Structure formats: C-alpha cells, structure tokens
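First comes the structure, then the notes that go with it.
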Number of protein chains: 2
Amino acid sequence: MHQRLEVALGDRTYPIFIGDGLIRDPDCYRPYLRGSRVLVITNETVGPLYMGAVLEALGDLRTETLILPDGEVYKTLDVVNRVFDALLTHRFGRDATLIALGGGVVGDMAGFAAACYQRGVDFLQVPTTLLAQVDSSVGGKTGVNHRLGKNMIGAFHQPRAVVADTATLATLPDRELSAGLAEVIKYGLIRDRAFFGWLEGQMGALRARDPAALAEAIARSCQNKAEVVAADEREAGQRALLNLGHTFGHAIETGVGYGTWLHGEAVGAGLVLAAELSHRIGWIDSVSVDRTARLVDAAGLPTAPPSDLPAERILELMAVDKKVLDGHLRLVLLKGIGDAVVTDEIDRAQLLALLER
Amino acid sequence: MHQRLEVALGDRTYPIFIGDGLIRDPDCYRPYLRGSRVLVITNETVGPLYMGAVLEALGDLRTETLILPDGEVYKTLDVVNRVFDALLTHRFGRDATLIALGGGVVGDMAGFAAACYQRGVDFLQVPTTLLAQVDSSVGGKTGVNHRLGKNMIGAFHQPRAVVADTATLATLPDRELSAGLAEVIKYGLIRDRAFFGWLEGQMGALRARDPAALAEAIARSCQNKAEVVAADEREAGQRALLNLGHTFGHAIETGVGYGTWLHGEAVGAGLVLAAELSHRIGWIDSVSVDRTARLVDAAGLPTAPPSDLPAERILELMAVDKKVLDGHLRLVLLKGIGDAVVTDEIDRAQLLALLER
C-alpha cells in the first residue's frame, strides 16, 4: 500500500513516496541518483536502526556514511562543516548525492550542506520521524540555527525525492510522535477543515500508531504541503501560512533553551496561542479555540507556554524572529478552522495581554 | 564618462555601472534597495578609504557597518558567521540589503552571507579592486574556502547591482592591479581575440593606470562575462570556460599556501600552462603560446608555478578541484586565441610531463 505524491516545481518536480518498508526499496533511490557517488548522513540514534537497510538498497554504489550527534542543539554551522569535511576528504565532485536519513535536524543540515557544497549538489530525504515525514522533508527549506535565532541561516534547495517509510515510526518515541502531530494539526487549521475533523476522530488511532491512520495522515499532510510549496516555493505569499503557530513556537523553543522542548511541542502551544489571539480580535468563535486546544491536547502536546517563561521574554524573542519584516511583526492567524491568513495588525499590547493571561 | 552594462537574467537582471567617482553616486544605490536597512561590509584596508563615501551616498538610510580582516586566509565559514552575528545583533529582517565594499574576498563572503541569511536577502557589489571589477563581482558566484580546497562552499546568488568605480583603482597596490589583469587577459583568450590584440597594445597604459584604458578594459571584460553568465548562469555549459587557467591556478594557490600568491598571480601562471598544454596536444601553435606568455609577463604576472612546488603536489591538488567530475579531470584549453573549449581528454601522464618541464 504505497502512495506517490508530487511536488510540482517544473524541471525540479520531485516525488514523495509514502508506505511501509520503502526504505529498503532500491526503486525509491536509483532513479534519483545522477552520479555514482553517495554520502548517507544520519545521526547516532537513527544510524544503528536504519543505515544498514539504506546501504543495502543502494547496492554497489560508491557510498560513504557520516554519523552526526543527535539533537536540535547540534543544528549548527559547525556541524554542517563536518559534512563538508567528509565530502572533501572523500573527494566528492559536483555529481555527489547526499542522502539525509533521520529527522528534521539531519534533513535540514544535509539539505543545507547539499545546497552549499560546490554551490549545489543533489540530495534525497529519507525522513524517519513523523515531523520530518509530514513537514520538514518536503518543500526545500534547509538550514541551521544561530545562537540568536532558529533557522536564521539556510537555503531553498529542493530534494530530488522524499522517501517516507511509515515502518520507521515504530521506533519513534511517543514524545516525538506527538511533536509530529502538531504539524499535522496545522494543515487542518490553515487550509483543510475536513482533515481537521478527520483528525478529531482519529487522534486515538494515530497515537496508537494504527498504520492505516498514520499513512493517511502523512499523505494528506504532504498533499497540503506540496500544493502550498508548488504555488509559492520561496514564501513570497501563501507559503507563510505554514508558519501558523511557529512565531510563538520558535520564541518558546528558544526561551526554554534549544532541545528542552521539542519543536513540535512548542508549535502545539503556538497553535493554541494563535487560535486564542484570533478569537480575542473577533475572527473566530470560542468553540473553534476549544476544538483547537482539545485536539492539541489529545495529541499529547502542551497547550500553553511553560509558566516560568515570562511573557516579556517571549515577546522579545518573537521580535528577532525572521517573520519580522522591517521591525513589523507579521503573524499567521485564523479566520476559521481551515482558513488562515497573514496579518500585521497585532500590536505589542495585544500580544502582551495574550501571553500574560 | 559612465557606462552601464546589463547581466540579462530575466526578473533578476541587474546593471553594472562603470565609471569615475560612482561610489559617491546615490543613484547607483537607491533604486536597488528594496528595504530601508543596509549593512555595509568591508575590510580593514578598504574601509578607511571608501566607507565614508558609501555612507554619504546612502544618506539617511538605517545603515550598519562591519569591518572584516583583510586577506584570502579570512575567506572562511567562521568569518561569514561574523556577518550573521552582525545581522542578528542588529535584528535585520528579510528586507535587509548587504553591500560588499572591497575586493573579491569581501564580495564572495558578503554575497554568500546574503544568500544564506534567512534563506536569501539582497546584496550590492561595490568592487574596489580590478580583479573584483572585471570578474568576481559579476555573475553571482559567492562562497568561502575550506582547508581542503578553494571556493568549495558557496551559492549562486546574483547581486541587485554592481558599482565599479574606476577611481578606487588609484589606491590599489601594483601587485593587485597585475592580479586583476590576469582575468582581463583570460576574456581575450577564451572568447575575444580582438580584445586580446587590444591588450597587447595597451598593457603599458593599463599598468600606468591610464583611466580611459582601464575603463575600456573593465567594460569589455564585464561585457564578456555578462554574456557568458546570461547564457549559462549555473555553469552547466559554456560558463566553465571562464575557468581557463583556474584549475592550475587553484592548485598553485593552495600549494604555496593561501595568501602567499594572489589568486590572479596563480591564474596568470595557469593561463600559460593551459596554453602550453594546448600546444603540446597540437591544438595551438607555438606563436600563440608565446603571445600568451608575453602578455601575462607584460602584465607583471608569473608565467610558471614556483620552482619549489613539486609537480606531483600540483597534480594532487588539481584532483580535489571541483572541476573534477566523478574522478575525471576536466580542463579548459585553447583551440586558438579567443577560442576555448572544455576537455576531459588529458591524462595524468600528459599533465605530469607539462608540470615537470
């Protein structure tokens, strides 16, 4: 039961494969390798679980491997430099293909390394977390964090293919499964009201890792993301809607210290904050806020920032977020469930009141 | 006596302004700044000479400045990170514009920082060396060196405008003027036989810094480069011809240690090596080799690698150069003066014989 979606970007169009056991399928890799040399990049957690399967699928290609430390704190320029070290030590040329095997951190760093190595080589995404399968592996956003802000350094660089093997989710810790569900809920909130309703009914099955429910949630999420990216690759317009909950989320994530809260956990709280703010300015009713908070809670996610993180600190961190255009804060808010818009009409006092509630 | 050329790249088309005193002309900057915030990046040598003039031209814009150390040894990822530090400390948003004021090192680093900051912001090139005015500021190649190879990390990112003020060449050391002439000679060799002949007659005037001769040499070089870049922005084909002499040059530059020889000096020797090799395989006559060597010598440049750099070492360094495709060495050679081609027909023995002569 495999699915094949497509991100339509002209001559850079690429497939997303979703299904059980795909990580072992040579047909998911071979057609997307232009040269004969491959570097598989993973981390110390995922490597022991799945590197063998990937190498087997790659067969007799000239393949090297690189194991990075595991964790968001390692998503830095210094660690990306280790990828360059490996590529140059093994004398990879412009026909190199990088394969990112792991979660969003590995994918973001391997993708950024691919974007910059010799001014751009190919890469494939093999996401092994729910978050990466439904969000970060699709759409070409790559990059690293800086001590003064998340994802501040990066590039748009599309993969040649995305291979989402649902079987890899079996080894995913519960907390990371929940973190991925934050992004799944997000697609429902911003543009797919029917999907939001489906999620309300299926959240129990998803957390119990029902294979059919997970495959459906991943495919529907990827379909939504693929449509948005195809329409607005470089975030000139509607792609910004994918940031619902993220401006709050990034500030929370930075405020508690990278790696203390998972990205998806911070986004979960951010989704509820966005819904609450949308209600405060009269855009949505309280029922919609309650439905959002209940679904985020049902996903096993926090519905508010940690109580010991001061509202002032969150505001300060939001101001350095890259969605601030020329000093003006832009936020994604809701006109309804399944209907998000970008606005710059929120002032500091409204934000402070929300965060201090 | 100002000239305006154009690099034709669709909606990313941009002008090159060439002329005396342009660095002080607000009209060379203002139309190309989309936001209100500017970071001017220069080095400790160029800053004291021209930063004041640029700031005056920018008038009342919200401008910050950053002074980097001077020299090719500082063209590293670590130093680019200082640009990110400055941008984030001053809370620059996606509407930031970076201005690169200086030579190729400043331009390559500022351009790469612009390519990566928040996945891409605008930048302007204000080259103050001949090398940067005729070559590195035009065409969008940005990046940094790695200890295992030059320009191995980077991005294609086109500037919004290039402002080449010929008056800034008055403060350029003789050695750097000569280094720039290596790239000027290169355009004649690869695609402009008439320009090569003009250079044979004008080399004395150029080294004496005759303003009219310099302006003509810069404009003609930029015109050649603009045509090549417009036809092949990402070096899928003919843009590779611009690397004539550079595979040898990079190996020499690395072999003697970054910063010992200037880039243009190594390219000078590389041009002569390329001509000699083209003659050895019967593509050009000895007269063409002699003309090339004489013109390179007349420009004040070395015509051979340093005698204490072993041929084996140069070969080893060439093998890691990024023009090596899948283990196969690709070189640009000459079918005649003004007629360069890419070839992969040269084997190791032929290279060794050439370098050991």
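Read-outs throughout are calculated quantities, based only on the coordinates presented, and are distinct from any laboratory measurement. Treat the numbers as computed from the prediction; the structure is a model and nothing was measured. Every residue, glycine as well, gets a Cβ built from its backbone with ideal geometry; the counts of neighbours run over all protein chains shown.
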In whole angstrom, note down how far apart the Cα centers of the stretch B:190-246 and the stretch A:213-228 are. 52
Listed with the fewest Cβ neighbours within 10 Å leading, A:Ile16, B:Ile185 appear as A:Ile16, B:Ile185
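So for B:Ser278, A:Ser307, fewest C-beta neighbours within 10 Å to most, what's the order? It would help to have the intermediate numbers written out before the result.
Details: B:Ser278 27, A:Ser307 6.
Fewest-to-most ranking of B:Ser278, A:Ser307: A:Ser307, B:Ser278.
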Given charges at beta-carbon only (K, R positive; D, E negative), |dipole| of the stretch A:174-355 in Debye: 220
Could you go through the stretch B:276-290 in sequence order and give the Karplus-derived ³J(HN,Hα) for each residue, using 6.51 cos²θ - 1.76 cosθ + 1.60 with θ = phi - 60°, rounded to whole Hz, and x for Gly and Pro? 4, 5, 4, 6, 4, 9, x, 7, 10, 8, 5, 4, 5, 5, 4
Let's see if you can work this out: charge +1 on each Lys and Arg Cβ, -1 on each Asp and Glu Cβ, no other charges. What is the dipole magnitude of chain B about its Cα centre, in debye to the nearest 20? 620
Let me check I've understood the local charge: for B:Asp232, count other residues with C-beta under 13 angstrom from its C-beta, Lys and Arg +1, Asp and Glu -1. What total comes out? +2
Size of the dipole of the protein assembly as shown about the Cα centre, Lys and Arg at +1 and Asp and Glu at -1 on the beta carbon, nothing else charged, in debye to 20? 460
Between 0 and 90°, nearest 10: helix A:211-231 axis offset from chain A longest Cα axis: 80
Semi-axes a, b, c in Å (a largest) for chain A, each sqrt of 5 times a Cα gyration tensor eigenvalue, come to 33, 22, 18
Excluding the sites themselves, what is the longest stretch of chain A that contains no GluC sites (Glu not before Pro) in a DSSP loop with at most 14 other C-beta atoms within 10 Å? A:45-344
Distances from B:Arg4 to the same position in the other copies: list them in nm, one decimal, shortest first, using label points 7 Å from Cα along Cα→Cβ. 5.1
What is the Cα coordinate range of the stretch B:3-171 on the first, second and third principal axes, sorted by size from largest, in whole angstrom? 39, 37, 32
Give, as a single signed number, the net charge of other residues whose beta carbon lies under 13 Å from the beta carbon of B:Gly300, with Lys and Arg counted +1 and Asp and Glu -1. 0
Shortest-first distances to equivalent copies, position B:Ile281, nm, label 7 Å out along Cβ: 6.4
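Can you show me the helix-derived [θ] at 222 nm for chain A, built from DSSP H runs with n ≥ 4 at -39,500 (n - 2.57) apiece and divided by the number of residues, rounded to the nearest 500. Provide the component values of the computation, followed by the final result.
Details: 11 runs with 152 residues, N = 357.
Taken over chain A, the calculation gives -13500 deg cm²/dmol.
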Exposure proxy check: A:Thr260, A:Thr247 ranked by fewest other beta carbons within 10 Å? A:Thr260, A:Thr247
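What do you get for trypsin sites (Lys or Arg not before Pro) in the stretch B:187-244 restricted to DSSP loop and a cutoff of at most 13 other Cβ within 10 Å of the site's Cβ?
Working: sites: B:Arg191, B:Arg193, B:Arg207, B:Arg209, B:Arg220, B:Lys225, B:Arg234, B:Arg239; in loops: B:Arg209, B:Arg234.
For trypsin sites (Lys or Arg not before Pro) across the stretch B:187-244 that sit outside H, G, I, E and B with at most 13 neighbouring Cβ atoms in 10 Å, the list reads B:Arg234.
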Per residue, how much space in cubic angstrom lies within the convex hull of the C-alpha atoms of the stretch B:174-355? 108
Karplus (6.51, -1.76, 1.60) ³J(HN,Hα), θ = phi - 60°, over the stretch B:158-170, in Hz, Gly and Pro reported as x: 7, x, 7, 6, 10, 10, 9, 8, 5, 5, 5, 6, 4
For B:Arg147, label point 7 Å along C-beta direction: distances to other copies, nm: 2.1
